[in-house]
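Derivation of every value follows stated rules applied to the coordinates shown; laboratory data play no part. Because the structure is predicted, anything quoted here is derived from the model rather than measured. Neighbour counts are summed over all protein chains in view; Cβ atoms, including those assigned to glycine, are modelled from backbone coordinates with ideal geometry.
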Amino acid sequence: MKHNKPKLPSLMQVIISLGLFLLLAFSFTAELDLPIQLALYIGWFIIIGLGIYLGHQYKDLEKAALNGISNGLGAVLILLAVGALVGTWISGGIVPTIIYYGLKAIHPSIFLLATMIICSLTALATGTSWGAAGTAGIAMMGIGHGLGVPAPVTAGAVLSGCYFGDKMSPLSDSVILASSMSNVEVMEHIKGMLPIALISYIITGIMFTAFGLHYAGQVDMSQVQGVIDSMEVQFNITPLSFIPVIIVLGLLAMRMPSFPVISFGSLLGVVWAVMVQDIDFLQAFNTAWAPYNIDSGVGFIDSILNRGGMSSMLGSVAVIVFGLGFGGLLDKVGLLETIAKLFENRVKSAGSLASSTIATAFMGNVFGSAMYVSLILTPKICAKNYDRLGYKRKNLSRNAEFGGTLTSGMVPWSDNGIYMASILGVATLSYAPFMWLSFVCIIVTIVTSYMGWFVDKCDPIEPNTQEQTAEPELKQQTA
């Protein structure tokens, strides 16, 4: 039986279908207090209905959703491993030890700068912004509260550092994904990001330093000492608790696979809970699944340390699964392709290329609800414009990375937005205005692109030869 070739959706159909999804997402999260997972679930059927109307077969749409999910299942494994790591490192006294020594060593005037640097180094060494936020990030949130710094500001410094380190690490899965989808070698991709990333890092560091000076004279040191005393009562604080941190960072720096290394780190947390904190083995082992339970009598300590475990990540897992499937459906039905065609006639320079790519990547986060959706779809949609105008693909991979990864934590219903909000204990829309590195990096990228700085040109490629040249490049890279 022959079927007519499916049509691309019209702009009006795109606006209506994506508008319905946005209405669901905002109303569920902001008004109805319903989980975003349900909005994504309903969103599947909105796009499936549109796809069938355009001539797609249901089985093909279902296959596209499943393919989209399979592309990002590695993130689910890492997410669960990070949950286990956070739970056991809290019960093992590792995170409390970092908070304890941080409160003793870090001066309030440089706290925000130190937070950004520590989190960026952690993410750079480990290649994961999630792991860095779940370990160093939680610790810095505790120190910041003890110093009287507002939690959203501290979270902004944490995420500025985490995302910078993640983007500069050759171990990062998002770096590998963005470069491979653009047919660019990983180190070329990192070199392409480096100048703008460093300029943005320095500007952001100055901003956090200036902001931190505001709190230098307002810290109640008696409150800080109270937190330190409470930590000493609840946990056995010892420098030996830094050993698991050193081991895990070392293994990840040696380019060992993230999932087994992070899982091994959670096992070390169990060992430290039993040997150092004198916790029953079964209770310690259970913290790999369920959040650690502590009642210190100090509210913010309890809120920081009563978290972790794989079970706390199940909501984020559902978002990733539904988001990846939703992204697969968007790609199959052609919604983002229709939007990209709208940009195509307006893209005539490096500046407009950068702006349109970043905007497309951001829309991938908004409508796909997962960073992986953005990093997979954006290069596919925008590549032909770079080839047509004669700009190297590493410009594409850089702009897709900045637009997709740096904005993923700003979307309340995205995988990063939900994870970071739950792990740091701050609502997405509260910390988003303080993700200064993301804003600065995007502004610097667009401005320098319009100025013609940090832009690499090549010979234009005719549209009919793009597909022929892209395939050998990818084969050569993966060989």
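Packing order of peptides 185-195, 265-275, 316-326, 20-30, highest average first: 316-326, 265-275, 185-195, 20-30 (average count of other Cβ atoms within 10 Å over each peptide's residues).
Using Cβ point charges alone (K and R +1, D and E -1), the dipole size of region 300-368 about the Cα centre works out to roughly 180 debye. Counted as membrane-span-like here are DSSP H helices of the chain whose alpha-carbon atoms extend 30 Å or more along the helix's own axis and whose Kyte-Doolittle mean is -0.5 or above; these are 186-212. Fully extending the segment from residue 256 to residue 67 would add 65.4 nm, taking 0.36 nm per residue of separation and subtracting the current Cα-Cα distance.
For region 294-393, the list of trypsin sites (Lys or Arg not before Pro) that fall in a loop by DSSP and count at most 13 other C-beta atoms within 10 angstrom reads 346, 348. The charge dipole of the chain, taken about its Cα centre with unit charges on the Cβ of Lys, Arg, Asp and Glu (plus for the first two, minus for the last two), comes to roughly 1380 debye. The residue list 202, 143, 115 was ranked by how far each Cα lies along the charge dipole of the chain toward its positive end, using unit charges on Cβ atoms, and 202 comes out on top. The Cα atoms of region 103-155 give a gyration tensor whose axes a ≥ b ≥ c have a/c of 1.5 or more with a/b greater than b/c, which makes the shape prolate. For the chain, the relative contact order works out to 24 percent when only alpha carbon pairs closer than 8 Å and six or more residues apart are counted.
Were the residues from residue 52 through residue 267 laid out at 0.36 nm apart, the gain over their Cα-Cα distance would be 72.6 nm.
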